[in-house]
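The values are calculated or read from the model by the stated rules, or taken from the named source; none is laboratory data. What you see is a predicted model, and the numbers here were worked out from it, not measured in a lab. Quick reminder, even Gly has a Cβ in these numbers, built from the backbone with ideal geometry, and neighbours come from all protein chains shown. Note: accessible area is taken over every heavy atom of the protein model, side chains too, but ligands, DNA and RNA are not part of it. Shrake-Rupley method; radii C 1.70, N 1.55, O 1.52, S 1.80 Å.
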Amino acid sequence: MAHDKTFYITTPIYYVNGVPHVGSATTTLLCDALARFHRLKGEKTFFLTGTDEHAQKVADAAAKAGMPAQEFADKVAGRFRDCWEYLNISNDDFIRTSEPRHRAVVAEVFRRLQATGDIYRGKYEGWYSVADETFFRESEVKDGKAIESGAAVEWVSEDNYYFKLSAYGDRLLAHIQSHPEFLQPETRRNEVLAFIKGGLRDIVVSRRNSGWGICVPGDESQVVYVWFDALINYLTATGWPGNAAWDSRWPADLHLVGKEIYTRFHATLWPAMLMGLGLPLPGTVLGHGWWLVDGEKGAKSKGNIPTPQEVVAELVELSGASPEIAKDALRYYLLRDISFTGDAEYSQSHLISRYNADLCNKLGNLLNRTLKMLAQYAGAVVPEGGAERTADGTLASLSREIVQDVERCMLAYDPGAALSVIWKLVEAGNGDIDTTAPWKRHKAGDTRGVADALYAALEAVRIISVLLTPLLPHVASVMREQLGLGEMPLGDWAHETHWGGLPGGRKTAEAQPIFPRIDTKNTATKQKELTPVTENMPPPPPILEVAEAPAAPAYITIDDFAKIQLKIGEIKTAERVEGATKLLKLTVDIGEGSPRQILAGIAESYLPESLPGKKIVVVANLAPRKMRGLESQGMLMAATDAEGHAILLHPADPDAVPPGAQVR
Ligand code: MSP
């Protein structure tokens, strides 16, 4: 193997029975960020995505549309290609399982495994789910449905070919145990270990030929089972076996997939097939959780999840941002909030909170105020002196740590964690400007102090633009343009992430806000107008009816006031309420032994994770009331800002007052 190993990363190949949506876009965007990162580090990279076409459900969808299956597959595969192009996905190849290059490799794999005796002929009688394209055992089926997915199963009785999966259990276990990086995250590895230890049975790898699929070599009565066909795509794209350079790509470094196709297919069947072929196994198989919509898996078949194009159009409409910025805002939300260990609720209001809080208020503000001050106090020219000019140096040392952390996260295949680390630098940049206060230094005639403070802020912005290049490529390039810099050259990651690299004497461009704020007061109505985005999409959840207080009289007596029991509370937990855009469910300790459950209409102002530990003021004797079927046992006190957001009231010295302290 004389070739340099390429970093090889894959998405699942998507079924062409429906169009791409924000769920499939998430896996593709995660891979895109990782591929871009490896390219920036100067590594040869090969990023593969594509379409899985020989499923029975594709044939069924084509029949329903009154089209020949191939024509239907061509059309929908085009939708995937277009969507990835629209989202600026940097895939190096797009494979379709109906292509001749793939058909030939599937036939070759089949032949080789028949020759070794791993594939043999048998008769299958049992359950099959078309929705899952999966065979199920009796114990996996209840009341005509697959227990795992809830999809309907049908009884099939066919003469087929089998793959001797049962022969690979011990070898799979040994490989998993000796390669801790192979199956991730750990919870899924444990699930796979349990699945294999439960006993592997031979698996059917062909089905009766009903005119759609890849024929079993030498037996036209059968087509290759869609999963056996599909997994091989990862090998086809390397050029195996004919292309001499195939092993510069193989084994894949990372197969990234959703959790429903992890255990059975990517973590068990695929490695066993590779073992049968005598080929090395992929470096890592990583499974992420689902986007849920109102608590249910977002799926094309349910029509409950929007396409990326629909979401981008909404964002553009609501914010006035450019479509390219809106695409990166969607990227930000999907990358930042998808979960590897659990599931995450997808909603427009979460997307808008992320947009306003993180992109507009934090990142946009940092870029904008830095460039504006530079224009105002230093003629829009970057101060000379480089790393020497770093005010008190805290931003410089933090930046060094953050660069390392971001690299660690990206190497651990976690773009969301990388983004949250980058935002620490964004926040520190804003905090640093607040403390170094260049406007005060300017007023005091401290030209050197102004230059030091502004250089530090500019350099933080530049480093942030470098770190964001693989994650939010358009945002990063607009930031660099405003800083007066060109595109990040590939391979320059190590050099560009060094603090002090911003050359002095260069003029910056005019500060242009890139994330116009979304007025959340208007989103509810606008959202309604924009709703018919997907046929069959359910209407958006109604905006929470936070109980309106009756109009207050001019005066109340002290006795009236005495009726209200106000107490200090400490927030213990906070989470969103399914289907409610404004509501958070909190548990609050008010010194009663066990905390109270309180529902508060503050979801558009606060991220749930920012709340635990905060001391607040609670109306403790408000009669319990139900919202969205949940009981609220009190009320938090909050002011309303100019835009109608709730701003919580906190004691000035939180450590001095324990939960339960009286407020008068
Ligand atoms: N064709 C198979 C995969 C074969 S790979 C050799 C398949 N296709 S699919 O079109 O159903 O796409 C499934 C993948 O899309 C998931 O594994 C996941 O990566 C992504 N997602 C689909 N719905 C999703 C959510 N609701 N949430 C997150 N990801 C989602 O299975």
Can you sort C360, C83 by solvent-accessible area, 1.4 Å probe, largest first? C360, C83
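To the nearest 20 Debye, how big is the dipole of the chain about its Cα centre, given +1 on the beta carbon of each Lys and Arg and -1 on that of each Asp and Glu? Walk me through the numbers on the way to the answer.
Numbers: 70 positive and 84 negative charges, 67 e Å.
Once rounded to the nearest 20, the dipole reads 320 debye.
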Per DSSP, the loop-located trypsin sites (Lys or Arg not before Pro) within the range 11-73 having at most 15 other beta carbons within 10 Å are K44
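What is the range 1-155 by shape, rounded, prolate or oblate, if you read a ≥ b ≥ c off the alpha carbon gyration tensor as root eigenvalues and call it rounded for a/c under 1.5, prolate for a/b larger than b/c, and oblate otherwise?
On the way: a/c = 1.81, a/b = 1.39, b/c = 1.30.
Prolate, since a/c reaches 1.5 and a/b exceeds b/c.
Too long at a 25 Å Cα-Cα cut-off: which of K197/K302; K44/K164; K57/K145; K424/K615; K142/K259? Don't skip to the answer; put the middle values down first.
On the way: K197/K302 34 Å; K44/K164 36 Å; K57/K145 17 Å; K424/K615 23 Å; K142/K259 22 Å.
Listed pairs above 25 Å: K197/K302; K44/K164.
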The chain: relative contact order in percent, alpha carbon pairs under 8 Å with at least 6 residues between: 12
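Taking the range 169-266, which GluC sites (Glu not before Pro) meet the DSSP loop condition and have no more than 13 other C-beta atoms within 10 Å? Can you show the working numbers first?
Numbers: sites: E181, E186, E191, E220, E260; in loops: E181.
Passing both the DSSP loop test and the Cβ count: E181.
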Principal axis box of the range 393-449, alpha-carbon based, largest edge first, Å: 48, 16, 11
Rounded to whole angstrom, the alpha-carbon centroid of the range 391-408 lies from that of the range 43-74 at a distance of 46
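In the chain, what percent of the accessible surface is made up of carbon and sulfur (1.4 Å probe, ligands and nucleic acids excluded)? Numbers along the way, then the final one.
Values: 14460 of 27900 Å².
Answer for the chain is 52 percent, counting heavy atoms of protein chains only.
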How high is the relative contact order of the range 555-664, in percent, counting Cα pairs under 8 Å that sit 6 or more residues apart? 31
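Starting from the alpha-carbon convex hull of the chain, give the projected area averaged over all orientations, in nm².
Working: hull surface 140.2 nm².
With the hull built on Cα positions only, its mean projection is 35.1 nm².
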Per-residue accessible area, 1.4 Å probe, largest first, puts S221, S129 in the order S221, S129
So what is the accessible area of the chain per residue, in Å², with the probe set to 1.4 Å? 42
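Averaged over all directions, how much area does the convex hull of the C-alpha atoms of the range 89-199 cover when projected, in nm²?
On the way: hull surface 40.4 nm².
Quarter of the Cα hull surface area: 10.1 nm².
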Just to make sure I understand: if all protein chains stay in place, what is the order of T187, T236 by accessible area at 1.4 Å, largest first? T187, T236
Express the Stokes-Einstein translational diffusion coefficient of the range 7-288 in µm² s⁻¹, to the nearest whole number, given a Kirkwood radius over alpha-carbon pairs, 10 °C and a viscosity of 1.306 mPa s. 82
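Give me the Kirkwood hydrodynamic radius of the range 558-656 in Å, from all C-alpha pairs, to one decimal place?
Details: mean 1/r = 0.0720 Å⁻¹.
After inverting the mean inverse Cα-Cα distance, the result is 13.9 Å.
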